[in-house]
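Presented below is the structure to which this report refers.
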Amino acid sequence: MTQPNLLVSLEQLEALTGCDEHLQFAIEVIAHSDISESIRAELHQQIDRIQQRRQDPYLYLAIVGEFSSGKSTLINALLRDDLLKTSALVATTAATRLRHGDELIVETSFKGSRPGILKTKKNAKQITVPWLAGVDGIDTRHFIHVVTSQDEVAKEVASLTIYHPASFLANNIVIIDTPGTNATNPKHGAITRRIIESEADAAVVVIPATTPLSQTLVNFLADSLHPFLHRCIFVVTKMDQIRKREQKVLIENIENRLKNALGIKKAVIFAAAPQIIIDDLTGEEDIPEHLLLWQDRFSELETLLQQRLRRERILSIAENVLRLLTRLLEQLEGYLLVQWEQYETCQATIKSETIQDLNSFAIEQHRVCRRMIENAIYKTAARISVCIAEHQEKTRSNIHNAISDVNNLGELDSVVQTKAEALLKEGQQYLQNDLQGEFDKLSQAAQKAELYFDGKFSEAYRRLQALGKNWRITIDSRSSSVKLNTSDVFTSMQSYQSELDEKDGKTVMKGGATGAVVGSLILPGVGTVVGGVVGFFLSGFFMPSLDERKQKLWEQLYPNLDTYFDVVKKQAQEAMQTYARKAMVALDQQIDQYIKQYKAVVDVMLEEQREELQRLHQLQSSTKSNLSEIERRKKALSAQQQRLAEITV
């Protein structure tokens, strides 16, 4: 084909496919998509294949069929050369391409342990490959047989191209002899599918008359050849083995089955007996006279085949380019869908890991921590009230029992002078210990609230750190130093008791006034409580009996005890509130310290996340737009393929 004709064909091809515009779109999408370099390279390779295919003037004709269907015999007949062994492709998993050439030349691509390309000389007579069994001083034809039929050699072959001077190939036709579709080796079917999908423009489907259109062949055609069954030419071989009166019915049955099983409305079917051509060439077999007609019919078949391929060349190539474009878009679509899902996942991850701005976070967590402290204060206040009430009742009971149990004035004097003081001081120490325990619990609750905030911030910050990647900040763990010593309560109480002693000393009558002063000197700190009782005892000559003295003494004492414990309770509650205020201040200071130290860092991270979310959103939007455009283009390509399929020439 001359260069001017090629240019015309390219113009026609572009008009039928719009290839340039589709490829430009794909190139731009690939350039702006966030895909890996390996995927980018793979897609560009596919684009290069499409570019090469549309500039290639050759029509690639795949010969498809099952093993023993007569594929190799048909090819040999078209070449007018008994070149390929009929069992050759049972061994090889590679396709054989036959191109036109002035002389017989073989170009073999090897894989495995010895990768490389071996190209023979024209009509070579002495081919030697030391590392290939059986290739030692053999000619080109023998070499073809070895690399296609001997298992140990054939498994090393990646591809085989034969240049042959056959006139059929001179029409810019490349024959691709594919492995059998019904092979036990799954690689055979896979190779045939790949060739049909990526290389073949048209196909000749070989159907042996002896086993017409097997179900395995139907399944293969429905799957791999379905996109261009309308461009397939069906050649029924081995017709010389069918009785004449059965031949017409056989062809009709095949035609009906193609229509019913594959939906081919009007299949192009040729009947042939290629073996007759080979027998005539070799002279190895005598041809019965009644079979000589198959020689003329094969010449007719060859002419009709060439004419049809010539007429449909541009359509076949255009449809192949459209299929390749569709496949490219499908590949691109698949990668973009994966990328879109990755964008979606990344955005969801960032959103789930992102906290509020630090001020909002601090306010929210401050409320939680404050509630923790307030709940602890409420519980502590209740326990303090119960604790003081229990000690009050126990102290009253102990002193009352001590007074009630005396049997004479001496014992009563002992209770007033020493035992009452000892009981009150003993109870005071127990009360102080119990109150200190309650305040320790309150302190622990406040520390727990601070640690809770530390933990929440640390948890949130670690997530930000993982996303920000550039920040390395250590968050210190601190505990509060604010604690309450309940001895302060009793120090205040002693001061209060001194004031009460002084006041009571001014108001007690007669012996009671003297006794209060004496009692204050004897019992500092608790003298106010029991001093009046001492004075009352000293004025005992007014009392008629011991029981009356004990009763009057108790009546004088227990109001002072109640007042004492009321003041203890008040002082404890005030101390608790003071501590609560300190705990709240400490919490506020802690949160302020976090804000002061980390706000700028967190703000930068949040800004980075915001920018990343915006970037991902833009990429996702762009990807979605590209996916929509790909879908539109796929539909357009499919519609164009349907239009071309309906064209008959």
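Structural remarks
- Residue within segment 43-61 that is within 23 Å of ASP151 (Cα to Cα) and touching a strand residue (DSSP E or B) at 6+ places or on another chain (Cβ under 8 Å) present: no
- In segment 615-630, the residues that are touching a Leu at 6+ places or on another chain (Cβ under 7 Å) and either of a type in the set (Asp, Glu) or modelled with pLDDT under 90 (or both): none
- In segment 14-60, residue farthest from THR623 (Cα to Cα) [restricted to those that are in a helix (DSSP H, G or I), free of Cβ contacts under 8 Å to residues at least 40 places away in the same chain and of a type in the set (S, T, N, Q)]: GLN52
- Any hit, segment 87-97, residues being assigned to a strand (DSSP E or B) and modelled with pLDDT of 90 or more: yes
- Which listed residue, of GLU312, GLU300, GLU285, is acidic (Asp, Glu), in the same structural domain as GLN12 (by TED's automatic domain parsing) and touching a residue at least 24 places away in the same chain (Cβ under 8 Å): GLU312
- Within segment 588-617, residues that are closer than 24 Å to MET372 by Cβ sit with their Cβ atoms under 9 Å from residues that are surrounded by 14 or more Cβ atoms within 10 Å (Cβ to Cβ) and of a type in the set (S, T, N, Q), at 6+ positions apart or across chains, in these pairs: GLN590/SER480; ILE591/GLN365.
- Here is the figure for segment 1-34: residues that are over 26 Å from ILE647 (Cα atoms) and modelled with pLDDT of 85 or more total 10.
- Being modelled with pLDDT of 85 or more and either assigned to a helix (DSSP H, G or I) or out of contact with any Cys (no Cβ under 7 Å at 6 or more places or on another chain) (or both) is a description that does not apply to LEU553.
- Filter pass, LYS259 being among the basic types (Lys, Arg), more than 47 Å from the chain's Cα centre (by Cα) and surrounded by fewer than 20 Cβ atoms within 10 Å (Cβ to Cβ): no
Every residue, every condition in (1) touching an Asp or Glu at 6+ places or on another chain (Cβ under 9 Å); (2) closer than 20 Å to ASN171 by Cα; (3) in a helix (DSSP H, G or I); (4) among the β-branched types (Val, Ile, Thr), yes or no:
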| site | (1), (2), (3), (4) |
| --- | --- |
| ASP279 | yes, no, yes, no |
| SER299 | no, yes, yes, no |
| ARG313 | yes, yes, yes, no |
| LEU325 | no, no, yes, no |
| LEU328 | no, no, yes, no |
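- Taken as a whole, the condition of being touching a residue at least 24 places away in the same chain (Cβ under 8 Å) and either aliphatic (A, V, I, L, M) or assigned to a loop (DSSP other than H, G, I, E, B) (or both) does not apply to ILE363.
- Pairs linking a residue in segment 553-565 that is farther than 16 Å from LEU431 by Cα and in the same structural domain as SER404 (by TED's automatic domain parsing) to a residue that is among the hydroxyl-bearing types (Ser, Thr, Tyr) and part of a helix (DSSP H, G or I), with Cβ atoms under 9 Å and 6 or more positions apart or on different chains, are TRP554/SER404; ASN560/THR528.
The values are calculated or read from the model by the stated rules, or taken from the named source; none is laboratory data. All figures in this text were calculated on a predicted structure; none of them were measured in a lab. So basically every Cβ, Gly included, is an ideal-geometry build from the backbone, and we count neighbours across all protein chains shown.
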